[in-house]
Amino acid sequence: MHCSGLAVGGLGAGRPRQQGLFVVDQDCFDRFAPSGVRCQTPIPSLDAHMTKGVRPHPENAAGPFYVEDGCCTACGVPEAIAPELFAWDGNSHCFVKRQPVTPSETDKALQVVAHAELSCIRYRGLDPEVLVRFAELGEPGLCDFGARLALKPIVRDHVAFDDLLKVASSPSDIARHFRDYLLGRPDNRYRVTEIMSSHELASFDVAWFEDKFHHIAFSRGDAVHSWLVRNQGNRGVSSLVQDWLVSDGRFSDIQWYTASFWKGRGSSRSTPW
């Protein structure tokens, strides 16, 4: 879906109007952004419209995502998650070397935003879906226009997915696959408890910092040959589960929900961020 105008103004619907360099069309936002459909339009030069006091790194590629100059601590997160989008200058300061052009690349850029050590990666674009996703991550202030959206942060901690290849035969079996994935990671930083299981449910705890363990539960999904994995509101755990599901390559139709959306079968997303 393509919309000729994008919402950067108030939250009331109305006909498009000119605001500076951009055409504002709140109706486009109201109709399409909540359903996850991307409203896109070519973005003119935004430097004159950026958040006051924020200076982009001079080597950022032209476009909406950028790294703030002087902010990077060389945390290594961009390199680990999206090396195709980020690079480093001679002072080990990261910058956006290429803008994301596909939905999966946008997902990776937002994953970096969710896990970077400091809030250095910003967004100066007008895509309503991206603005919403920054707000859901609790980072609307990282969008030059994000403060205009009165949205609350949410955590997607329930994931349902299909196991059409019958990788696992029971909740304890699917839990074992994830536990083995954690213990086999090359960074060797995860500690896990033994799996507790019954016929309908399996669970274990995982920690990667001190003794801060996080609970993960595994059960059958609603459909035949499907599973549900849920944690207790931790984005880090959700990210680990997503990495496992994608890297394994044998699971399909991965859908993430908030706890309330899962209960009410509300909207879902293919990533937790």
Next item on the list: For the range 228-260, name all the residues that are out of contact with any Pro (no Cβ under 8 Å at 6 or more places or on another chain), surrounded by 17 or more Cβ atoms within 10 Å (Cβ to Cβ) and either assigned to a strand (DSSP E or B) or not assigned by TED's automatic domain parsing to the domain that holds residue 166 (or both).
Entry: 228, 229, 230, 231, 254, 255, 257
Margin query: If I filter the range 141-160 for residues that are on the phi > 0 side of the Ramachandran plot, modelled with pLDDT of 85 or more, surrounded by fewer than 21 Cβ atoms within 10 Å (Cβ to Cβ) and not aliphatic (A, V, I, L, M), do I get at least one hit?
Written below: no
Notebook entry, point to check: Looking at the range 59-103, which of its residues are under 25 Å from residue 126 (Cα atoms), part of a loop (DSSP other than H, G, I, E, B) and small (Gly, Ala, Ser)?
Noted result: 61, 62, 63, 70, 82
Next item on the list: Specify which of the listed residues (226, 238) is under 19 Å from the mean Cα position of the chain (by Cα) and closer than 22 Å to residue 271 by Cα.
Entry: 238
Notebook entry, point to check: Give me the pairs: first residue in the range 207-227 and on the phi < 0 side of the Ramachandran plot and surrounded by 15 or more Cβ atoms within 10 Å (Cβ to Cβ), second residue in a loop (DSSP other than H, G, I, E, B) and of a type in the set (Lys, Arg), beta-carbon distance under 7 Å, and six or more apart or on different chains, which are they?
Noted result: 208/189
Check: What strands (runs of 3 or more DSSP E) completely inside the range 145-222 contain at least 3 residues that are in the same structural domain as residue 238 (by TED's automatic domain parsing) and touching a Ser or Thr at 6+ places or on another chain (Cβ under 6 Å)?
Finding: 201-207
Next item on the list: Can you run down the residue pairs with Cβ atoms below 9 Å, 6 or more apart or on separate chains, where the first is in the range 165-176 and surrounded by 16 or more Cβ atoms within 10 Å (Cβ to Cβ) and the partner is acidic (Asp, Glu)?
Entry: 171/200; 174/163
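Yes/no matrix, rows are residues, columns are (1) touching a strand residue (DSSP E or B) at 6+ places or on another chain (Cβ under 7 Å); (2) crowded, with 21+ Cβ neighbours inside 10 Å:
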{"site": "83", "(1), (2)": "no, no"}
{"site": "87", "(1), (2)": "yes, no"}
{"site": "90", "(1), (2)": "no, no"}
{"site": "101", "(1), (2)": "no, no"}
{"site": "106", "(1), (2)": "no, yes"}
{"site": "109", "(1), (2)": "yes, yes"}
{"site": "114", "(1), (2)": "no, yes"}
{"site": "119", "(1), (2)": "no, no"}
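Is it the case that some residue within the range 180-193 is surrounded by fewer than 16 Cβ atoms within 10 Å (Cβ to Cβ), among the aliphatic types (A, V, I, L, M) and in contact (Cβ under 8 Å) with a residue 60 or more places away in the chain? Outline the logic, then answer.
At the first step, the residues of the range 180-193 found to be surrounded by fewer than 16 Cβ atoms within 10 Å (Cβ to Cβ) are 180, 183-191, 193.
If we keep only those that are among the aliphatic types (A, V, I, L, M) as well, we get 183.
Imposing the further condition that a residue be in contact (Cβ under 8 Å) with a residue 60 or more places away in the chain reduces the set to none.
No - not one qualifying residue is present in the range 180-193.
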Check: Of 273, 256, which residue is modelled with pLDDT of 95 or more and within 27 Å of residue 81 (Cβ to Cβ)?
Finding: 256
Next item on the list: Name, by its number, the condition in (1) assigned by TED's automatic domain parsing to the domain that holds residue 58; (2) at pLDDT 90 or above; (3) surrounded by fewer than 19 Cβ atoms within 10 Å (Cβ to Cβ) that does not hold for residue 124.
Entry: (3)
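The values are calculated or read from the model by the stated rules, or taken from the named source; none is laboratory data. Keep in mind that what you see is a predicted model, and the values were worked out from it rather than measured. Quick reminder, even Gly has a Cβ in these numbers, built from the backbone with ideal geometry, and neighbours come from all protein chains shown.
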